[in-house]
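Below is one structure, written out as structure tokens, with a few remarks after it.
The values are calculated or read from the model by the stated rules, or taken from the named source; none is laboratory data. Keep in mind the model is a prediction, meaning the values are calculated, not measured. Note: ideal-geometry Cβ built from the backbone for every residue, glycine included; neighbour counts use all protein chains shown.
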Ligand code: GCW
């Protein structure tokens, strides 16, 4: 296979330069040839049709239009808001021969990865013809990487996999070979946009937009052959800090001019640049509020600057008062994004995407879907997920998040009993589900979990999250455990059945396991302030951050009802507003998010709240102990044909060390949570287990 791919590579300006390695497909089974068809412009060094076909070919890629060359020259500019260049492909199998056809080279790329993913299975089974297309054109990863090492956050904010793959020693890396490999890796999952710096834009990082542009252009060149566009996070105060103006008022013409010039300079160097990501008036970042303007004023001014280039503005909806008074029971952080953004629906420019975290708080292990997603039908909205495990074990704990994301993507705003569930057969999400709302609109974004760590993600199993995230952006209806299967078979090709079983034992329900031993019933947080790792029940209880549980001797939970609480439940469309409002219908797993209840309140499961807390915390630790045992049982089976002894030893060492920490941490969570609530409530565990 390698020779044919290499030949195709030359024709496509290097696009396929590395596809042959690590595909896991035996040489004899896959011979690739790219045959140009009539659609679209031909690449400069296009092979003649059939050039690389050989008589024993049994897989052929056909494709044509190449809208963007390796140097970033855009063939046909895409109008803002138009669908992206066609990324779809057609796969047909006829008597064991597989043909992938696509109108554009990106479709070919995805078709190629599809065949690699299927492996031997691509060539067996009945004849078929399938068309594959991504559910959304916007499949993005945001890096929270800093150029410089930040005093408190380190280099990568909420990064748990070492330093940045983009920057080193205060500058863009001279050697971007790791970024090239990363680009291939992301493309194989379906990602097509990457923001390369932290949304908290510090002084050094602000200059990526100006002084560092030639280096940003190098990063863009590394991503380009893989169909991935680069975006930058920018500071709203840049006209002042970089431009020397005395204001960054979005309605001041000098400010708008400054941004227009800045955008012109970016696109002059990077013709396929994606656009700007903005965190404004949030957690101390500058924004339009300082000038009495609102988020639409701010976003639209930037949108106008990037519009001539087909650029986008991702404007984050993560806006809340992080200096609130805990004594003030009327302020509810959960309401904030809705209160700020819903009234602005219809005012945002067409090339603004309002980027909304999946829940109303902050990437907790369990939150209801953000009502903002359903509240802005005249605005392009994107869903924001967090692949980096800030609140879900920081890549020390094995926590597979694919299940959580599937649940969020499937959440249907028309109600729990409607038939509007994402239809996995047709792969078309219900238009009223989260996936259905964002797919034709702003798409899906997530915070990356990758760093310069030798396993990319710190915990080797956290790679499964990166993989599943990309795959879910392409197909939000994909089965999350099925994606885990894919990841296991691609990452550990040929692994013996006991290893595969152990990986499933550990990962399949690891999200629920993590939920069990940490904060209960949707109440969230209870983590140590600042770094957010490990338990601290009252860590945030009397702080300005707005993340409270209100536990006292009688009960726990936040009253977010319309009748007696903050009114948050009423921000949902019916029937959810009523479902969440009522104690009878509120789902158990979100009970303490919506209600303050006595410890003796009986859940729909039949257990009291306090007994549920005890039981889940004991069970959570027991499950982690099963993870440890499952891993120990297969340590001797890791090395084999597909993994050298050295690789197996490195993998075993890293995973064992992380599992030991997960076990220690889970016990710490169990004992602190159980003890805290036992002491508050005075109610003993029905089973008389040890509580301190
Ligand atoms: O979850 C919080 C994090 C911050 C982060 C912020 C955000 C980049 O603790 O580190 O800042 O969210 O999403 O902007």
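Would you check if residue 201 is in a loop (DSSP other than H, G, I, E, B), touching a residue at least 60 places away in the same chain (Cβ under 8 Å) and within 16 Å of the ligand (Cβ to nearest atom)? For residue 201, the condition - in a loop (DSSP other than H, G, I, E, B), touching a residue at least 60 places away in the same chain (Cβ under 8 Å) and within 16 Å of the ligand (Cβ to nearest atom) - is met.
Within region 306-319, restricting attention to residues that are surrounded by fewer than 24 Cβ atoms within 10 Å (Cβ to Cβ) and within 16 Å of the ligand (Cβ to nearest atom), the residue that is nearest to residue 282 (Cα to Cα) is 319. Residue 604 fulfils the conditions (1) outside any helix (DSSP H, G or I); (2) touching a residue at least 24 places away in the same chain (Cβ under 8 Å) except for a single criterion, (2).
The residue of region 503-548 that is nearest to the ligand (Cβ to nearest atom), among those that are touching a helix residue (DSSP H, G or I) at 6+ places or on another chain (Cβ under 7 Å) and more than 21 Å from residue 663 (Cα to Cα), is 547.
The condition of being within 16 Å of the ligand (Cβ to nearest atom), at pLDDT 95 or above and either buried (at least 24 other Cβ atoms within 10 Å of the Cβ) or under 23 Å from residue 450 (Cα atoms) (or both) holds for residue 355. Here is the figure for region 129-159: residues that are part of a loop (DSSP other than H, G, I, E, B), within 16 Å of the ligand (Cβ to nearest atom) and either modelled with pLDDT under 95 or buried (at least 21 other Cβ atoms within 10 Å of the Cβ) (or both) total 6. Would you pick out the residues in region 437-447 that are touching a strand residue (DSSP E or B) at 6+ places or on another chain (Cβ under 8 Å), more than 16 Å from the ligand (Cβ to nearest atom) and at negative phi? If the condition is that a residue be touching a strand residue (DSSP E or B) at 6+ places or on another chain (Cβ under 8 Å), more than 16 Å from the ligand (Cβ to nearest atom) and at negative phi, then 437, 438, 441, 442 are the ones that fit.
Given the structure, is residue 569 modelled with pLDDT of 95 or more and either touching a strand residue (DSSP E or B) at 6+ places or on another chain (Cβ under 9 Å) or surrounded by fewer than 19 Cβ atoms within 10 Å (Cβ to Cβ) (or both)? Judged against the criteria, residue 569 is not a match. Would you mind stating whether residue 126 is in a loop (DSSP other than H, G, I, E, B), free of Cβ contacts under 8 Å to residues at least 60 places away in the same chain and away from the ligand (no atom under 16 Å from the Cβ)? Yes: the conditions hold for residue 126. For region 269-285, state whether one or more residues are assigned to a helix (DSSP H, G or I) and away from the ligand (no atom under 16 Å from the Cβ). The answer is yes, given that some residue of region 269-285 is assigned to a helix (DSSP H, G or I) and away from the ligand (no atom under 16 Å from the Cβ). Scanning region 358-378 for residues being touching a residue at least 60 places away in the same chain (Cβ under 8 Å) and either away from the ligand (no atom under 12 Å from the Cβ) or touching a helix residue (DSSP H, G or I) at 6+ places or on another chain (Cβ under 8 Å) (or both) gives a total of 12. Filtered by the rule that a residue be within 19 Å of residue 316 (Cβ to Cβ) and within 12 Å of the ligand (Cβ to nearest atom), region 379-394 gives 384, 385, 386, 388, 390, 391.
Yes/no matrix, rows are residues, columns are (1) closer than 26 Å to residue 587 by Cβ; (2) assigned to a helix (DSSP H, G or I):
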position	(1), (2)
307	no, yes
319	no, no
324	no, no
338	yes, yes
360	yes, no
363	yes, no
366	yes, no
370	yes, no
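Which of the residues spanning region 361-374 are over 18 Å from residue 445 (Cβ atoms) and more than 16 Å from the chain's Cα centre (by Cα)? 368, 371, listed by residue number. A single entry from 635, 591 fulfils the requirement of being buried (at least 19 other Cβ atoms within 10 Å of the Cβ), closer than 23 Å to residue 510 by Cα, within 32 Å of the chain's Cα centre (by Cα) and at pLDDT 95 or above: 591.
Out of 575, 535, 496, one residue alone is closer than 20 Å to residue 359 by Cα and surrounded by fewer than 22 Cβ atoms within 10 Å (Cβ to Cβ). It is 575.
Residues in region 541-566 that are buried (at least 19 other Cβ atoms within 10 Å of the Cβ), in contact with a strand residue (DSSP E or B) (Cβ under 8 Å, 6 or more places away or on another chain) and in a loop (DSSP other than H, G, I, E, B): 549, 557. For region 253-264, the count of residues that are closer than 21 Å to residue 146 by Cβ, buried (at least 21 other Cβ atoms within 10 Å of the Cβ) and in the same structural domain as residue 170 (by TED's automatic domain parsing) is at least one.
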